[in-house]
Amino acid sequence: MDRPVADSLINELAEQYGTPLYIYNANIIGERIADLRRFDVIRYAEKANANLSLLNWIRDQGVTIDTVSVWEIERALKAGYTASEIVFTADLFDHHISKFLREYHVHVNLGSPDMLEQYTQLKTGREVTLRINPGFGHGHDRKVNTGGEESKHGIWHESLPAVLKRAGKLGLKVTGIHMHIGSGSDFTHLSRVREAISKAAFMAKEHLTTISVGGGLPVPYRPDEKPFDVAHYCADWLATKKTIEAELGKSINMEVEPGRYLVAECGLLVCEVRGIKSSGAVNYILVDAGFDNLIRPAMYGAYHHITIPGRASAGIKPQVVAGPLCESADVFTQTKGGYIEPRPLPETQAGDLLCIHNAGAYTASMASNYNSRPLAAEVLVENGAARLVRQRQSLEDMLSNEIDYLQANSR
Ligand code: LLP
């Protein structure tokens with residue numbers, strides 16, 4: 001698997017900004033956006049990576065945005081998005097978003113029936129879209145399956161007629177139907193979603209102008225995985241759009257809402273090997289990044305490809321890559337259930353850089369301060385030019401909101 005930026009630049013940036021370090025190549029994001037231009041609207045799911053510069057770069061490509069918290073909305077606004085380019089998708093209104101919506105208007109995509117009354121009370125608008133749970137879902141892990149009875153997301157498909165009536169009584173216009181059944185969908189599931197979306201669109205036809213097909217487009221995490229057939233995906237959805245338009249006798253806007261597909265492959269998490277050791281038969285490579293920087297392996301048993309620049313093939317043997325945190329789960333090479341999975345990797349030694357691939361999506365955006373480690377720095381590279389887009393967090397940043405009341409009182 002190719003690294004998204006040249007090794008010389010990786011070395012230079014690691015030297016300049018230290019490790020662990022996230023490096024993103026904006027040009028790769030541009031290519032992924034281009035793949036989806038056949039949709040009327042591309043709406044980036046901000047949760048995948050919310051770095052301000054990255055958002056601004058994506059906005060500049062004419063891509064709109066889906067947000068899931070008031071803070072994601074505020075970030076999007078800071079990145080230059082206008083309120084009309086933002087959609088807020090949620091299954092509940094917390095008090096923060098309610099306060100925001102009373103003062104500003106952002107389109108909302110409602111995932112629960114009770115939100116209808118709550119929305120009218122906010123007096124912020126009359127048009128809403130509905131997120132539907134079609135009764136089935138799919139995902140690379142149970143934890144990211146967003147359809148079916150065991151998912152809290154969306155309005156249950158059988159409730160749609162009643163919810164539409166309820167909206168009508170409240171004077172709300174349902175202008176769109178949205179379905180996102182999970183991350184990592186395949187074509188078999190997609191054909192079921194296409195059917196379910198068509199059915200829902202027909203029920204909500206009165207004021208319908210928009211259909212959002214959600215995100216969930218997969219990326220190849222393993223070197224032997226085939227790239228997603230995005231042309232097939234677009235063609236299928238365009239065919240569905242045509243059928244719906246013919247049935248409804250009007251044109252509709254079809255939106256796609258990818259997170260991972262746009263940003264996963266552009267990113268690397270670069271860390272430094274700090275030591276090697278063997279515990280019985282298991283060989284460990286110890287690096288200075290942990291699950292505070294990338295939680296996907298610990299959380300989902302997710303595979304992230306690993307390469308060691310400058311050490312292509314010498315002395316390959318099964319090795320486990322582990323971080324500095326105080327938990328056995330702090331391992332980048334593990335399967336679901338937390339079983340370590342040694343990986344054939346070349347011989348390495350302290351001081352080598354090690355790259356964890358596909359680290360642009362759900363990596364920095366899911367990072368934490370566990371073990372009081374600072375959030376890592378981020379660099380965005382465009383046409384070979386690198387810019388720091390997040391400084392490494394300082395101890396002062398980390399402590400800035402904490403109050404040591406004992407010390408405060410003794411003064
Ligand atoms: N739209 C909605 C309403 C969503 O809930 C999501 C993801 C997306 C779009 C974008 O999905 P994507 O295209 O990125 O698959 N932390 C997990 C992924 C959780 C996704 C949650 N919702 C991971 O690291 O795999």
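None of the figures in this text is laboratory data; all of them are computed from the coordinates on show. This structure is a prediction, so every number in the text was calculated from the model and none was measured. Cβ sites come from the backbone with ideal geometry, for glycine too, and all protein chains shown count toward neighbours.
Worth a mention:
- Listed from fewest to most Cβ neighbours within 10 Å, the set His305, His95 follows the order His95, His305.
- Residue-span extension gain [Asn253 to Asp40] - 0.36 nm each, minus C-alpha spacing: 76.1 nm
- Distance from region 1-71 to region 84-153 (C-alpha centre basis), Å: 25
- As a proxy for reagent exposure, ranking Leu110, Leu286 by other Cβ atoms within 10 Å from fewest up yields Leu286, Leu110.
- Residues with amide H under 5 Å from that of Asn133, placed H, sequence gap 5 or more: Ile155, Trp156, His157
- Taking the C-alpha atoms only, the angle from helix 7-17 to the longest principal axis of the chain is near 90 degrees.
- Diffusion constant of region 152-272 at 37 °C, which comes from Stokes-Einstein with the Kirkwood Cα-pair radius and 0.692 mPa s, µm²/s: 205
- Residues of type aspartates and glutamates that Lys277 reaches as a straight line, Cα spacing below 19 Å, ignoring anything fewer than 8 places off in the same chain: Asp288, Glu327, Asp330, Glu341, Glu347, Asp352
- Cα gyration tensor of region 125-169 - equivalent ellipsoid semi-axes, whole Å, descending: 25, 11, 6
- Taking 7 Å steps out from each Cα toward its Cβ at Glu382 and Ser368 produces label points 3.4 nm apart.
- Annotation: extensible slack from Ala239 through Ser313 equals 22.0 nm (criterion: 0.36 nm per residue apart, minus Cα-Cα distance).
- Note on region 257-321: Cα convex hull, mean projected area over all directions, 5.9 nm².
- C-alpha center-to-center spacing [region 229-294, region 380-398] in angstrom: 22
- Val320 long-range amide H proximity, modeled H, under 5 Å: Asn283, Tyr284, Ile285, Arg343
- Degrees between helix 26-35 axis and first principal axis of the chain (Cα, 0 to 90, nearest 10): 40
- Per principal axis, descending, Cα span of region 190-230 in whole Å: 47, 17, 11
- Karplus-derived 3J(HN,Hα) values for region 242-253, using 6.51 cos²θ - 1.76 cosθ + 1.60 with θ = phi - 60°, are 4, 4, 5, 4, 5, 5, 8, x, 8, 8, 10, 8 Hz; glycine and proline are entered as x.
- Semi-axes of the equivalent ellipsoid for region 32-118, computed as √(5λ) from the eigenvalues of its C-alpha gyration tensor and ordered from largest down, come to 24, 15, 10 Å.
- D (Stokes-Einstein, µm²/s), Kirkwood Cα radius, region 97-178, 0.692 mPa s at 37 °C: 245
- Amide proton proximity set for Ile65, modelled H, under 5 Å, gap of 5+: Tyr44, Val87
- For a paramagnetic label modelled on Ala350 (point 7 Å from Cα along Cα→Cβ), amide N atoms under 13 Å away are absent within region 15-36.
- Antiparallel DSSP beta bridges within the chain, as percent of all bridges there, nearest 5: 45
- Note on region 130-221: lysine pairs with Cα distance below 21 Å, sequence gap of 8 or more or different chains, count 7.
- Segment Glu327-Ala246, length gained on full extension (0.36 nm per residue, minus Cα span): 23.5 nm
- Counting neighbouring Cβ atoms within 10 Å and putting the fewest first, the residues Asp91, Asp186, Asp66 line up as Asp186, Asp91, Asp66.
- In order along region 363-378, phi translates into HN-Hα couplings of 10, 4, 6, 10, 6, 9, 9, 3, 6, 6, 8, x, 5, 6, 6, 10 Hz, rounded to whole numbers, per the Karplus curve 6.51 cos²θ - 1.76 cosθ + 1.60 with θ = phi - 60° and x for Gly and Pro.
- Set against the 2.2 N^0.38 Å expectation for a compact globular protein, the chain has a Cα radius of gyration ratio of 1.05.
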